[in-house]
Amino acid sequence: MGSDALSETGRPADRAAVPAREPPPGVRGAHLVGSMPLADSAAVFKFAEQQLGSHLKRIPDGETGARINWTQWQHDVFAAVPALTSEIFDAGYLKRPKFGLKPGAQAEDVRFAPLGYAKAAKASYQVFRSLKKAGTIRQNVRFQVCLPTPIAPTVIFVFPEDQLKLEPRYEAAMLAELEEIVAAVPAAELAVQWDTAIEFAILEGVLPHALANPEAEIILRLVRLGNYVPEPVELGFHLCYGDSGGRHFKEPGDTSKLVSVANGISRGLTRSLDWLHLPVPKERTDPAYYRALGELRLQPDTELYLGLVHASDGVEGAKRRIGSAARYVSRFGVATECGCGRQKTELLAGLMNIHAEISRPVHA
């Protein structure tokens, strides 16, 4: 963790002793994408509050334990279905078991057990609630639940010929998890983020899939998932190019695919889109990467977060990326490209420091 101390109340101690650099104009707030390499949700909540405090509107539970490697823990969910069989599949970027229907089995024979997301969220919320009651974290911060879009585990774990048959079964199981979370957490305290990564592997032609018209079909799915989150629960999307092994599945040429999908989501939703997160590769300080951001057509109140914080070049590198992005969008917050779960723990405090130095608080 960082060197900043907590006060006797458990609130962040005064950070005035650390010389502050003036954040670039228009940069307001920070966003934590999801995973954190810490012991448990209590450690994540305390660390986030200590390090970033008023810069955050929401705090995730860190996806600690079995969830730290995103969807990998869902292997056991697929393996437990009697109607499925599996074999190892090597897609280059990822090598793991893939599943398909057993000979003679039908999609209707597939019954997924509880996926585990609701169980984890309910346990973490009790910790979150206790820390709020104790004054350790602020009252106006929401509990952020991060969920993979159903197409992600389906494409990752299912052979293409069976993906369209099994995806609706898995989506129904995921929406049941969401309903359980919404029933357990007060709407005024809850924020739901759909993690959207495999969709861009499909759009970039990296992973085998069964979609005939990928972008249109992906947007339809994302809009459906977004509309399923009831207001006043907050809704956000994290658009991603992956970070398995510390690298993207493909380096994006620019932000055009991200912007096209984001606009499709915003256009199709019948409810508010509260935030959107887009990745920024560390090498891309050139304006060409960001130019398509000028074509973003988000709802007026949607918060935009750019994942331009990288440990390797710190505040100065982030400012270079901010300068290029600011040519095309006038106001945004900051984040890392993806979750921090695969980062070294000793780097976390430094990463949070970068967030704080390059953005203005959202909560006084």
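Most simply put, region 24-160 has about 65% antiparallel DSSP beta bridges, counting only bridges with both residues inside it. Could I have the simple spin-label model distance between ALA80 and ARG327, label points 7 Å from Cα toward Cβ, reported in nm to one decimal? With each label point 7 Å from Cα toward Cβ, the separation is 5.1 nm.
Does region 162-208 classify as rounded, prolate or oblate by the C-alpha gyration tensor (a ≥ b ≥ c root eigenvalues; a/c under 1.5 gives rounded; else a/b over b/c gives prolate, otherwise oblate)?
Values: a/c = 6.52, a/b = 1.76, b/c = 3.70.
Here region 162-208 falls in the oblate category.
In Å, the Kirkwood hydrodynamic radius of the chain over pairs of distinct alpha carbons? Don't jump to the answer; show the numbers that get you there.
Values: mean 1/r = 0.0478 Å⁻¹.
About 20.9 Å for the chain.
Modelled spin labels at ASN140 and ARG28, positioned 7 Å past Cα toward Cβ, are 1.2 nm from each other.
Under a point-charge model restricted to the Cβ atoms of Lys and Arg (+1) and Asp and Glu (-1), what is the dipole moment magnitude of the chain relative to its Cα centre, in debye to the nearest 20? Don't jump to the answer; show the numbers that get you there.
Values: 41 positive and 42 negative charges, 135 e Å.
In debye, rounded to 20, the chain gives about 640.
Pairs LYS165/LYS250; LYS257/LYS282; LYS165/LYS257: which exceed 24 Å Cα-Cα? The answer is LYS165/LYS250; LYS165/LYS257. Net charge in the neighbourhood of THR302 (other residues with Cβ under 15 Å of its Cβ; Lys, Arg +1, Asp, Glu -1) is +1.
By how many nm would the segment from ARG267 to ALA113 lengthen if fully extended, with 0.36 nm per residue of separation less the alpha-carbon distance? All intermediate terms of the calculation are to be shown ahead of the outcome.
Working: separation 154, 0.36 × 154 = 55.44 nm, distance 3.40 nm.
Gain on extension, ARG267 to ALA113, equals 52.0 nm.
Per residue, the Cα convex hull of region 67-175 amounts to 110 Å³. Under a cut-off of 15 Å between alpha-carbon atoms, report the aspartates and glutamates in cross-link reach of LYS98, not counting same-chain residues fewer than 8 places apart. Of all the aspartates and glutamates, those that pass the test against LYS98 - Cα under 15 Å, at least 8 places apart if same chain - are ASP76, GLU87, ASP90, GLU161, ASP162, GLU167. For region 151-204, the dipole from Cβ point charges (+1 on Lys and Arg, -1 on Asp and Glu) about the Cα centre works out to 80 debye, to the nearest 20.
Once the 1.4 Å probe is applied to the protein heavy atoms, the chain comes out at 41 Å² accessible per residue.
In the chain, helices alone account for a calculated mean residue ellipticity at 222 nm of -10500 deg cm²/dmol, with every DSSP H run of four or more residues adding -39,500 (n - 2.57). For LYS132, the lysines whose Cα falls under 16 Å of its own Cα, not counting residues fewer than eight places away in the same chain, are LYS46, LYS57, LYS122.
Taking the Cα centre of region 220-329 as origin, sum charge times position over the Cβ atoms of Lys and Arg (+1) and Asp and Glu (-1), and report the length of that vector in debye to the nearest 20.
Numbers: 15 positive and 13 negative charges, 69 e Å.
Charge dipole, region 220-329, about its Cα centre: 320 debye, nearest 20.
Scan the chain and report its longest stretch carrying no GluC sites (Glu not before Pro) that are both in a DSSP loop and have at most 13 other Cβ atoms within 10 Å. Free of exposed loop sites, the longest segment is 9-282. Under 16 Å of direct C-alpha separation, and excluding same-chain neighbours fewer than eight residues apart, LYS133 reaches these aspartates and glutamates: GLU8, GLU49, GLU189.
The values are calculated or read from the model by the stated rules, or taken from the named source; none is laboratory data. For clarity, every value in this text was computed on a predicted model and none was experimentally measured. Please note: Cβ atoms are built from the backbone with ideal geometry, for glycine as well, and neighbour counts cover all protein chains shown. Areas reflect the complete protein model, heavy atoms only, side chains present, ligands, DNA and RNA absent. Shrake-Rupley method; radii C 1.70, N 1.55, O 1.52, S 1.80 Å.
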